[in-house]
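Input: a single structure, listed below in structure tokens.
The values are calculated or read from the model by the stated rules, or taken from the named source; none is laboratory data. These numbers were taken from a predicted model, which means no experiment stands behind them. Don't worry about glycine lacking a Cβ; one is built from the backbone with ideal geometry, like all the others, and counts go over all protein chains shown.
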Amino acid sequence: MSGPYLDVTGVSKRFGGLQALDDCSFAIEPGQITCLVGPNGAGKTSVFNVITGFIRPDAGQVRFRGQVLTRMGSRRIVGLGICRSFQNLRLFADLSVLDNVTVYLPSRTDENPFRPILRPIRTEIERKRRMAAAMSILEEVGLAHRARDAVRNLSYGEQKLLCVARLMASGAELLLLDEPTSGLSAQALEAMIALVLRLKAAGRTFLVVEHNTRIVQRLADSVVFLHQGHVLAQGEPAAIVADPKLGEIYFGGAL
Amino acid sequence: MNFFLSYLAIAEIYALASMSTNLLVGVTGIFSVSQGAIFGIGAYTVGILTLNDWASFPVAMAAALILCALTNLAVALPALRIAGDYFVVTSFGIQIAATAVFMNLTDITGGASGLAGVPPPNVFGRDLDEPGAFILLSSIVLAAAALFFWLVLRSPFGRLINAIREDELAVTAAGKSVLAAKVGVSALSGMFVGLAGGLYAGFLSFIDPGSFDIDASILLLTMIVVGGARTLAGSLIGPALLTALPQVLSVLPIPSDAAGPLRQILYGLMLIAFMLFRPQGIAGRRL
């Protein structure tokens, strides 16, 4: 493998009068959990949007395993193994829990519109296979017993676990989680942390937007501190959290 | 007996069209108000081809199916990149344009006076000129289409278009092409309504632009609102009820010139009532 696993170099993005990202650079190591921290409006979600091809940066580039992502569409980027979640979840509310996962399973031909008509039996076999694959993912995250329920009947904690389940279904090796623990009860929080650590142990890599410094210290191998679209520091969680200057920015001191 | 069979044939034709509307509007959430126009293209294709003896009925039906799929695609390609509300306006424009074409391409469509004397469907050397014979054909087509509709809805593609209705951005994040799926469903939907149009021309033997105008599009939408979105049962119940309404009005003691406006008023009231009291329709899921 040439160079770092995921490498963001000099990325800038301006929306009208707002400089969302300003010469933003950092790198991610494989098999690690990297936490992206910073005050509100620091550009954390913009970083996700640039990496996954949702927005095209004005300058700079993103490389994943040596390949330049910056001009690719989101479809190819997911195909290469990067999948992101959303801060506001964006679950398919009217679909069952199971179907929320099956839609995220990759497909080549099984989602062809004419296939159910031209090859009904083959399609039925594929449907069953996809449902079984989704079911085993739901078992992994502990939602198998809710597979048939509508998403809107799930608790908020369960909905957030389902978001991770969808990313697992995509087959991605690098998962980008946007605030996976915000708004969770203590119990749901522990379930989420345990799941992320379990997936990390199984070889997945994470980039996580996280606000709570205590959770950052429990999860992160590396912390990227973002402020006004620029990376102020990257390093071990203990060092970043202990830095008084960063603490002041983070908790609303100097601006 | 013929009276009832005629009603049944019309109901079956509209059930085919409703499956098309359901795929597009009910399942995928592409709010099209040009379904009447596509229905008309199917009808005119079969009408023109068989009336001029340019093609046999089965060939004309195949042509209608392909032409409607392609038209829906052509409509879809530029318009599907436009989000939600704007698509309604775009498809409204297509509906208006189609009506203008049906009205003014007089040499081919017969203009406002329509096409009279479309021959009855001829299948395997038999003229299906009696409702009893026609009903056999329309039932077979409907049964096959219903099976396909059911297969599509439960397939992975069916799940995908349901997800697109819920959240396009989340589907994009899954690495799926929303546009490709919409193009696919537009083609499928065009085929269903193309079949319906072709049968309509063959059964009534007379077609005119008034049957495929914006009112027709709204009628097709009303059918899935009443019957129910996203289900096979809804696509059958809606047309069965709404095509019965004119028949019922025709036996009631009302002056014939009041029957038309009264029908429109009843359609309107039904739409309002269903939206207020049962938005999911009789046999559908929440819209």
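Tabulated values for the structure
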{"quantity": "Pairs, first facing chain B (nearest Cβ under 7 Å) in region A:112-138, second part of a loop (DSSP other than H, G, I, E, B) and among the small types (Gly, Ala, Ser), C-beta under 6 Å, six or more apart", "calculated": "A:Pro116/B:Ser155; A:Thr123/B:Ser155"}
{"quantity": "Tabulated pairs, region A:54-79, first within 8 Å of chain B (Cβ to nearest Cβ), second surrounded by fewer than 17 Cβ atoms within 10 Å (Cβ to Cβ), C-beta under 7 angstrom, 6+ apart or interchain", "calculated": "A:Arg75/B:Ser177"}
{"quantity": "Some residue of region B:264-284 being part of a helix (DSSP H, G or I), among the aromatic types (Phe, Trp, Tyr) and surrounded by fewer than 17 Cβ atoms within 10 Å (Cβ to Cβ)", "calculated": "yes"}
{"quantity": "Region A:90-111, residues that are in a loop (DSSP other than H, G, I, E, B) and either out of contact with any strand residue (DSSP E or B) (no Cβ under 9 Å at 6 or more places or on another chain) or more than 9 Å from chain B (Cβ to nearest Cβ) (or both)", "calculated": "A:Arg90, A:Leu91, A:Phe92, A:Val103, A:Leu105, A:Pro106, A:Ser107, A:Arg108, A:Thr109, A:Asp110, A:Glu111"}
{"quantity": "Residue check, A:Thr34 assigned to a strand (DSSP E or B) and either closer than 26 Å to A:Met192 by Cα or assigned by TED's automatic domain parsing to the domain that holds A:His145 (or both)", "calculated": "yes"}
{"quantity": "Condition check for A:Gly183: closer than 26 Å to A:Arg76 by Cα and surrounded by fewer than 18 Cβ atoms within 10 Å (Cβ to Cβ)", "calculated": "no"}
{"quantity": "Residues within region A:47-81 that are within 18 Å of the chain's Cα centre (by Cα) and not in a loop (DSSP other than H, G, I, E, B), tallied", "calculated": "15"}
{"quantity": "Single condition B:Leu242 does not satisfy, out of (1) in contact (Cβ under 8 Å) with a residue 60 or more places away in the chain; (2) outside any helix (DSSP H, G or I)", "calculated": "(2)"}
{"quantity": "Flag if A:Arg152 is more than 11 Å from chain B (Cβ to nearest Cβ), among the charged types (D, E, K, R) and in contact (Cβ under 8 Å) with a residue 24 or more places away in the chain", "calculated": "no"}
{"quantity": "Pair list, Cβ under 6 Å, 6 or more apart: region B:209-234 residue farther than 30 Å from B:Arg159 by Cα, other residue of a type in the set (A, V, I, L, M) and surrounded by fewer than 20 Cβ atoms within 10 Å (Cβ to Cβ)", "calculated": "B:Pro209/B:Met103"}
{"quantity": "Index of the failed condition, B:Gly29 passing every other in (1) part of a helix (DSSP H, G or I); (2) under 30 Å from B:Leu169 (Cβ atoms)", "calculated": "(1)"}
{"quantity": "Sole residue being modelled with pLDDT of 95 or more, surrounded by 21 or more Cβ atoms within 10 Å (Cβ to Cβ) and either at positive phi or within 12 Å of chain A (Cβ to nearest Cβ) (or both), chosen from B:Ile207, B:Ile161", "calculated": "B:Ile161"}
{"quantity": "The one condition in (1) in contact (Cβ under 8 Å) with a residue 24 or more places away in the chain; (2) touching a helix residue (DSSP H, G or I) at 6+ places or on another chain (Cβ under 8 Å); (3) more than 9 Å from chain A (Cβ to nearest Cβ) that B:Leu179 fails to fulfil", "calculated": "(2)"}
{"quantity": "Members of region A:175-212 found to be within 16 Å of A:Asn88 (Cα to Cα) and in contact with a Gly (Cβ under 6 Å, 6 or more places away or on another chain), listed by number", "calculated": "A:Leu184"}
